[in-house]
1. Restricting the search to the range 32-64, which residues are in contact with a Phe, Trp or Tyr (Cβ under 9 Å, 6 or more places away or on another chain), buried (at least 18 other Cβ atoms within 10 Å of the Cβ) and assigned to a strand (DSSP E or B)?
2. Determine if the range 387-394 includes at least one residue that is of a type in the set (Ser, Thr, Tyr), out of contact with any Phe, Trp or Tyr (no Cβ under 7 Å at 6 or more places or on another chain) and buried (at least 16 other Cβ atoms within 10 Å of the Cβ).
3. Between GLU127, GLU105, which is touching a Leu at 6+ places or on another chain (Cβ under 6 Å), within 21 Å of ILE221 (Cβ to Cβ) and of a type in the set (D, E, K, R)?
4. Considering each residue of the range 239-277, count those that are in a helix (DSSP H, G or I) and in contact with a strand residue (DSSP E or B) (Cβ under 9 Å, 6 or more places away or on another chain), and give that number.
5. Can you spot a residue in the range 307-324 that is in a loop (DSSP other than H, G, I, E, B), of a type outside the set (Ser, Thr, Tyr) and either within 30 Å of TYR366 (Cβ to Cβ) or at pLDDT below 85 (or both)?
6. State all residues of the range 107-142 that are free of Cβ contacts under 8 Å to residues at least 40 places away in the same chain and either more than 14 Å from CYS182 (Cβ to Cβ) or of a type in the set (A, V, I, L, M, F, W, C) (or both); if no residue qualifies, say none.
7. Across the range 95-117, what is the number of residues that are in contact with a Gly (Cβ under 8 Å, 6 or more places away or on another chain) and within 14 Å of LEU173 (Cα to Cα)?
8. Quick one: which residue in GLY196, GLY184, GLY234 is exposed (fewer than 15 other Cβ atoms within 10 Å of the Cβ), at pLDDT 85 or above, under 24 Å from CYS37 (Cβ atoms) and among the small types (Gly, Ala, Ser)?
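The values are calculated or read from the model by the stated rules, or taken from the named source; none is laboratory data. Owing to the predicted nature of the structure, the values given are computational and were not obtained by experimental measurement. Ideal geometry is used to build each Cβ from the backbone, glycine not excepted, and the neighbour counts take in all protein chains shown.
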Amino acid sequence: MVECEGIAGIEQFSSPGKGRGLRVSRAYEAGELLFSCPAYSYILSVNERGFICEQCFTRKKGLAKCGKCKKAFYCNVSCQKKNWPMHKLECHAMCVYGENWCPSETVRLVARIIDRLRQQKERSPSEKLLLLRDMEGHMEDMDNEKREMNEAHIAGLHHFYSKHLDFPDHQALLTLLSQVHCNGFTVEDEELSSLGLAIFPDIALLNHSCCPNVIVTYRGINAEVRAVQKISPGQEIYTSYIDLLYPTEDRIERLRDIYYFSCDCKECTTKSMDMEKMKVRKLSDEISQKEIRDMVCYARNAMEDFRRLLEMCELSIDKMSTVFDDANIYILHMMYQAMGICLFMENYEGAVRYGEKVMKPYTVLYPAYSLNIASMYLKMGRLYMALDRKSTGISALQKALAIMEVVHGKDHTYVTELKQEIRGE
C-alpha cells in the first residue's frame, strides 16, 4: 500500500483481479470531491476552434486569434502565452500546410506528450499517483487492426511534426500510442459534447465498474473525481469507462475491444437491468426468446453499419477533396448523406457541421425558390435551436419561411406552423 502523495483520503493498493487501484481511507458522501487532476497534455478539437479557448477550454465570444496561424483562439494574452509551448508544435505547420494540415486528434495529442516528456525534469502535478510512462498499454493484446492504426498514427507524426520534434524509437512510439489508446479521455462539456482529448495519469488508476461510485467530470482542463454515492473507508473507488445504457453483453464486448478485460461487477453478474433495457412490445402473440435474440443481433448490426457508413462518407469526402472543390455536387451529396447519418445517430453537432458545409453551395447551385434549400434551412434551424443556438436557429427558419411563402403560398399550413415555431408558440 502506498499513500498517494498530496491526496489526503486516497490510497493506492493492489486490487484483487484488477491490478492497481484506488480506495478511500475516509468516508465520502455523494457529491463530495475526492480529488482533481490537471491534464498532463491535451488538445482542443479542430471543430471547436473559435468557440473555446485553446488553453483553458472556456467557451466565450470574442476570443482573440493567434496572430501567426489565425486558427487558434484564446481568452487573452495570458492564455496565449501559457499555451504557446503546446501550440508552437502546430502553429508553423498549419501556416505551411494550410488546408492540408490534417493530423488526427490522437496524433496531435501524442505529439504534445512527446514534447512534454522531452522537457520534463520532475514529476508533474498530473502524476501524484502514477507516472505517465507507467500507464498500462496492453500492447500484447492488440489485434492487427489496432496495430495498423498505430502505424498510421506514427506515419502521421513523422509527416506533420518531424521538423519540430525528435521522436523516440519506433517501439517507444508504439508503446505510447497504446497507452493513449487505453487511457485517453474525451473532454466533454455539460451536454456531453466532445471538446477534445486529454491524458490524466492519476485518473488512469481508477478501475472500471458498471456500478460506479465516482464520476469523472471536467472543469476546464482539470478532471474532477466526485462521489455519486456514499463511500465507506476502505472501499475501492470505481468509475465507468463506457456508456452504461447498453445491456451486459454489449458492455462486456466494448470493454474487451477497447480495454481488454471483462467486468465482473454486480450488474454484469446479475444482469438485473437487462430486461428493462431490452423491453419488447406487448403483442397479442408472445415473442419468443429466439425472436428477441435475432432482433438484438439486427439492432447491433444496424448501429455498426451506420458507424461504418459515416466513416465511409468521411473517407470518400477526403479522397474526393484531393481533386474536387468542396462545392462539387459529388462531395455535397456525400456531405448530405453524412449529415443524415449523424441525425440518425443523434450526433447533432456532427449534423450541423456537415449541414453548414452543404448550405452555401446549395444556395448557389439550386434556383432561388427551391424546396431543397427550404428543407435544408428548416433542418439547420431546428438543429441550431436544439443546440441552444437560438438566434442562429431563428435566422435559418426565417430564410426557410421566405422561400416557403413563395413555393407553398402564404396561407399554407406549413407556412402558418413555421411562423408559430419562429414565435415560440
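1. LEU34, CYS37, TYR42, LEU44, ILE52
2. The answer is no; no qualifying residue exists.
3. After ruling out the rest, the residue left standing is GLU105.
4. 2
5. Yes.
6. LEU117, GLN119, GLN120, LYS121, GLU122, ARG123, MET139, MET142
7. 3
8. GLY234
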